[in-house]
Every structure is written in structure tokens, then in C-alpha cells.
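Take a look at the structure set out below.
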Amino acid sequence: MARAPESLELNTNEVADKALDRDCTTLSRHVLQQLQSFSPQAQDLSALMNRIALAGKLIARRLSRAGLMEGVLGFTGEVNVQGESVKKMDVYANDVFISVFKQSGLVCRLASEEMEKPYYIPENCPIGRYTLLYDPIDGSSNTDTNLSLGSIFSIRQQEGSDLNGEAADLLASGRQQIAAGYILYGPSTMLVYTIGRGVHSFTLDPSLGEFILTEENIRIPDHGSVYSVNEGNFWQWDEPIREYVRYVHRTEGYTARYSGAMVSDIHRILLQGGVFLYPGTLPKPEGKLRLLYESAPLAFVIEQAGGRATTGHMDILEVVAKKLHQRTPLIIGSPKDVAKVESFIQNGH
Ligand code: FDP
């Protein structure tokens, strides 16, 4: 058999090497690459992301079999601190994040939508200098219909010793986040994260049980055609938001997408551009979304990708939380589309 010319052989080898290298770019390795360091802090961040990835895998596994197992779907019959009916998957996913951080020596406190107060893991507290804020299941209403769901996470360094267990240091702006991201449970499971050095996505390869690098340094388009908002709330919005939506309706080039899971909608916008809105309403001016474990982590991701996130009056990442479960209006996405909504809020057009 004739041999391929040497240069062609070299190219084939290079391609194979690149493919192998990509297959080996797991999340924990990527974090170390990003930080270009093996310092204790770099190792911590890498280990933190690894445990979050494990939580994602456990939740994805349960979701993929939910329809085949007893007692996975449906409500527990309880109501959480937000006054919302709790689903069995919410409880499971909340416990998963706690469980993966036990004996980690990393995370002393976890705070989530499902728990009124932060959860302390006492054995980690003497050395665990990090706090995890998270929404275990975002888009809960999609759970029982086999539609996309998400988990949102944010990591902060613990400030002070928190001896009184009040976690007062968490009442700070989103600029204090050292890492944030989300896991999207869709046709495939994806993990998107930032540690303040761009935004990177990973896809779970079920045959390996690993998240493998999909795309590095994702940039959100300046503008996109998608507007994503629950228009069923039109009747209770302030006039500027109604005016913006009327503008979209009479302007060529817009298309509506709203899945019921913000992580899915924002992931689409991250890749294709556009704007997601969950504004305040007349009875609830702060809207629905929680600042510390929903809006701020997503704002960190979108800003790192070149987008913007605002309440309509100030950048989400500048808002200093007054309480753990604080809500905030959210307008997030491509810079030009966010600016358009802002202009309606601030100038009426
Ligand atoms: P959910 O409460 O179902 O978990 O987290 C808030 C959120 O979902 C978002 O994911 C979603 O976009 C929104 O609320 C849906 O709320 P509405 O039904 O009010 O539109």
C-alpha cells in the first residue's frame, strides 16, 4: 500500500492530537488552565467546579430516568420560604448540592432558594472558605413535562468568621462572586461557567461521565432577534415595559421565545443574541427572580460574554443585597437589546 506523503501524515497526527486534547479538557483541568497556576486557590476553584459538575451529573441522571421511577416527579405538598409549592425534584437537587460538598473542606455554607437560612457543613467550616449560592432546579414548572431545566450556581469567598451564623457577609454586590454559571438539562447536559476570565461551555459525555469542553470564550452577539418574557403578565407591568413590548410587536425582526426555564432562555440568548426580561409588576415591583442565586450569577456570565444585565436602573452586579432571598427585576442579554429596554424604562421610548 502506498504511504501518504509525510506532510499529510503529520497533519493527520496533529488533528488526532487536537481531538484527543479536546476530549481530555475536563472542567477541572480547564479551570487550572484558565488560572495558569497550581496555587492552593487555583486547586480550590478547580475542586469546587468538579463538585458542582458531580451535582450536575447526579441531577441529570435522575431527570433522565424520572418518568421510569416512582416518587421522582410531582409535588411534596410543602411550600418553600418563597411561598412556592415544592417539587420532589427541588428537594432532591437541593440535597445533592449539599451532599457533594460534605467532607470537601471547601464549602462551609450553602444558601439556596429552598432553604430559609444558609446550611452549614460544620466539618468544613474550620478550613472551608467558600460559600455556594444556588438555585437547584430553575424552571421547576417544566419538571413534570420533560422539558428543559437548569441549576444556577455562584461561589463567593467567605468574609470573616460568621460566628453568629447570620451570614451577613453574603449581603454584598454580585461583583464579589469569584465563579458563577449554570447547568442546562436539555437534550444534552451542558455546564457553562465563568471565573471572570470569559465564558466557557462544557457538554456532558454520558459514555465518559465527564463534562468535556465545547466552546471557549463565548461572545454574545451585540443584538439578536429574540425577546423572552412572560407576556401573560402584560396587564400587571408598568407602562414603560408595556410600551417596549408594543414596540417589539410593531417592529419587524423580533421573535418571541419563552420556555419557562430562564437558564434555557438565557443560554439561547448567550449563543444567538436577544434579551430576557423578568420585570417587576405593579403588585410586586421587585419581580420574581432572586438576586443572589439567580440574577447575579447569570449577570456575571452574560457580562463576561460581553452582554449586560440590569434592573432597568442599575447594573445587576452593582446591587447590594439587603437580605438573602432578595428579589430583583432582571433585563439581561445582548448589549443593544438591553439598552433598548433601558431606554423605554428611563426615557419612555
Ligand atoms: P421557576 O419559578 O419555575 O423555577 O426561577 C424562576 C423561574 O422558574 C424561571 O426559570 C422562569 O423563567 C420563570 O421563573 C417562570 O416564571 P413565570 O411562570 O412567572 O413566567
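Numbers below:
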quantity: Checking Leu271 against (1) part of a helix (DSSP H, G or I); (2) more than 19 Å from the chain's Cα centre (by Cα), the condition it does not meet; calculated: (2)
quantity: Subset of the stretch 283-331 (residues that are in a loop (DSSP other than H, G, I, E, B), within 13 Å of the ligand (Cβ to nearest atom) and among the aliphatic types (A, V, I, L, M)); calculated: Leu289
quantity: Within the stretch 195-250, considering residues that are at pLDDT 95 or above, in a loop (DSSP other than H, G, I, E, B) and polar (S, T, N, Q), the one nearest to Lys336 (Cα to Cα); calculated: Ser225
quantity: The stretch 110-124, subset touching a helix residue (DSSP H, G or I) at 6+ places or on another chain (Cβ under 8 Å) and touching a residue at least 40 places away in the same chain (Cβ under 8 Å), residue farthest from Ala168 (Cα to Cα); calculated: Glu113
quantity: Qualifying residue in the stretch 288-303 (condition: of a type in the set (D, E, K, R) and more than 17 Å from the chain's Cα centre (by Cα)); calculated: no
quantity: Strands (runs of 3 or more DSSP E) lying entirely in the stretch 62-181 (those with 3 or more residues that are under 30 Å from Pro40 (Cβ atoms)); calculated: 107-112, 130-138, 149-157
quantity: Any hit, the stretch 41-57, residues being part of a loop (DSSP other than H, G, I, E, B) and either without any contact (Cβ under 8 Å) to a residue 12 or more places away in the chain or touching a Ser or Thr at 6+ places or on another chain (Cβ under 6 Å) (or both); calculated: no
quantity: Within the stretch 145-160, tally of residues that are under 26 Å from Leu73 (Cα atoms), surrounded by fewer than 17 Cβ atoms within 10 Å (Cβ to Cβ) and touching a residue at least 24 places away in the same chain (Cβ under 8 Å); calculated: 2
quantity: Condition met for Asp238 (surrounded by 14 or more Cβ atoms within 10 Å (Cβ to Cβ), in contact (Cβ under 8 Å) with a residue 12 or more places away in the chain and within 14 Å of the ligand (Cβ to nearest atom)); calculated: no
quantity: Lone qualifier among Tyr227, Tyr244, Tyr193 - being in contact (Cβ under 8 Å) with a residue 12 or more places away in the chain, farther than 25 Å from Glu113 by Cβ, crowded, with 23+ Cβ neighbours inside 10 Å and more than 15 Å from the ligand (Cβ to nearest atom); calculated: Tyr244
quantity: Only one of Gly139, Gly128 that is under 18 Å from the mean Cα position of the chain (by Cα) and either surrounded by 13 or more Cβ atoms within 10 Å (Cβ to Cβ) or within 12 Å of the ligand (Cβ to nearest atom) (or both); calculated: Gly139
quantity: Residue that is surrounded by the fewest Cβ atoms within 10 Å (Cβ to Cβ) [pool: residues in the stretch 257-282 that are more than 21 Å from Glu215 (Cβ to Cβ) and more than 13 Å from the ligand (Cβ to nearest atom)]; calculated: Leu282
quantity: Among (1) under 23 Å from Ser28 (Cα atoms); (2) at pLDDT 95 or above, the one test that Ser112 misses; calculated: (1)
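The values are calculated or read from the model by the stated rules, or taken from the named source; none is laboratory data. On a predicted model such as this, the values are computed, not experimentally measured, just so you know. As a convention, Cβ positions derive from the backbone with ideal geometry for all residues, glycine included, and neighbour counts pool all protein chains shown.
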